[in-house]
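Structure first, commentary second.
The values are calculated or read from the model by the stated rules, or taken from the named source; none is laboratory data. Keep in mind the model is a prediction, meaning the values are calculated, not measured. Cβ coordinates were reconstructed from backbone atoms using ideal geometry, including for glycine residues, and neighbour counts include every protein chain displayed. For accessibility, only protein heavy atoms count, side chains too; no ligands or nucleic acids. Shrake-Rupley method; radii C 1.70, N 1.55, O 1.52, S 1.80 Å.
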Amino acid sequence: MSTTEFEWGNVVVGARLEQTDYRSKGTIEGNAIDVADDFNNLLPSAHVNINLSDDLKLRISGSTGVNRPTYDEWRAAASVNIADQEVNGGNPYLEAEEAIGFDTALEWYFAPASILSAGAFYREIDNVIYVDSTSIDGGRYLPSAAGETWTYNGAVNGDNGQMQGLELNFVGHAIDLIGPALNGFGVAANVTLLNSEFEGLDGTQFDLPGTSDMIYNVSVFYENYGFSARVNYQYRDEWVSPIEDPNEVWGEQKRVDLSISYELPFDFNGAILSLYFNANNLSDETDVRY
């Protein structure tokens, strides 16, 4: 990585080289298989940070990335559910996802600890990993089930993945917005508007797994004297889980969470100890999948 400073800001460029070597041995459809592969990924990036003024920053960047399959997705094995006539298997021939992206953001630091920012981003993703289903003859895994139609679920690679969106973010401390009377209190809010798609094996267009069209958070917090407390509300549109068939969708989700921490005012031979308390889904929301 190299950082070059200018009167107007700086430029950060760099590259990361990742080498992957894997091997998977197992049994699929009664046949022993042994799959091995290795590959290299050179991942360059460049970031330009421009000081439009002392409190206004413009950032532009381009980056690349790789996402390897998980162990379950890559394993050369399958689990058979005779009761449901369903087989769930890994795919040792999966390719890693590769992405190239562009980002830009305008950030206004209107007070010492407060910010208002807006950003836009775009990603192209190749070899999108998702779960596909197909019909098979049950006799492949259970001789007595020959002639029966079973379902096989396994990870495969899609193509032509794209994602673009907008982000808005606000963090305001009361001491900056109102005055010292409410020192320690603050509000944070952000919203992401997103559009994504990729092409499945049969040419069908799906949303990228794990993405919602809209996500927003609103938080009220207090941070002072070693004590921190935050109540956060999150909403997200329906979305496809990263580990599910693209035809299975989680419905919209709402959450109210609470987090509290306190840094003990004692010196334990130079160590700092903190106490934490977290309470999730205080609004007792029920998730729906369909």
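Here are some notes:
- Cα gyration tensor shape of region 68-121, rounded if a/c is under 1.5, else prolate or oblate by comparing a/b with b/c: prolate
- Once C-alpha pairs closer than 8 Å and six or more residues apart are averaged by separation and normalised to the residue number of region 100-246, the relative contact order reads 20 percent.
- Applying Stokes-Einstein at 20 °C and 1.002 mPa s to the Kirkwood radius of region 35-86, computed over alpha-carbon pairs, gives a translational diffusion coefficient of 131 µm² s⁻¹.
- Taking 0.692 mPa s as the viscosity and 37 °C as the temperature, the Stokes-Einstein diffusion coefficient of region 16-127 based on its alpha-carbon Kirkwood radius rounds to 184 µm²/s.
- Evaluated on region 141-290, the Kirkwood hydrodynamic radius is 19.5 Å, with distances taken between all distinct Cα atoms.
- Per residue solvent-accessible surface (Å²) - region 196-246, probe of 1.4 Å: 51
- Averaged over its residues, region 33-108 has an accessible area of 56 Å² per residue, based on protein heavy atoms and a 1.4 Å probe.
- Build a GNM of the chain with springs between Cα atoms under 10 Å apart, and of 247, 88, 40 the one that fluctuates most is 40.
- Per residue, the chain reaches -500 deg cm²/dmol at 222 nm when only DSSP H runs of four or more residues are counted, each adding -39500 (n - 2.57).
- Largest to smallest accessible area among 185, 102 [probe 1.4 Å]: 102, 185
- Dipole of region 128-227, positive direction: furthest Cα of 157, 143, 168, with charges on the beta-carbon: 168
- Averaged over residues, the count of other Cβ atoms within 10 Å places the peptides 264-274, 111-121 in the sequence 111-121, 264-274, highest first.
- Taking the Cα centre of the chain as reference, the dipole from Cβ charges on Lys and Arg (+1) and Asp and Glu (-1) amounts to some 760 debye.
- The H on the amide N of residue 77, modeled in the peptide plane, is under 5 Å from the matching H of 90, each at least 5 residues off or on a different chain.
- Annotation: amide H-H contacts under 5 Å for residue 129 (H modelled 1.01 Å from N, sequence separation of 5 or more, or interchain): 158.
- Karplus 3J(HN,Hα) series, Hz, for region 234-239 with 6.51 cos²θ - 1.76 cosθ + 1.60 (x for Gly, Pro): 10, 10, 9, 5, 4, 7
- Region 7-79 and region 91-137 have Cα centres separated by 11 Å.
- Listed residues 72, 237, 137 arranged by accessible area, highest first, probe 1.4 Å: 72, 137, 237
- Percentage, to the nearest whole number, of Cα pairs in the chain over 34 Å apart: 43
- The chain, relative contact order [Cα under 8 Å, separation at least 6], %: 10
- Ligands, DNA and RNA left out, the 1.4 Å accessible surface of the chain is 53% carbon and sulfur atoms.
- With the highest mean first, a sort of the peptides 1-14, 222-235, 157-170 on other beta-carbon atoms found within 10 angstrom per residue produces 157-170, 222-235, 1-14.
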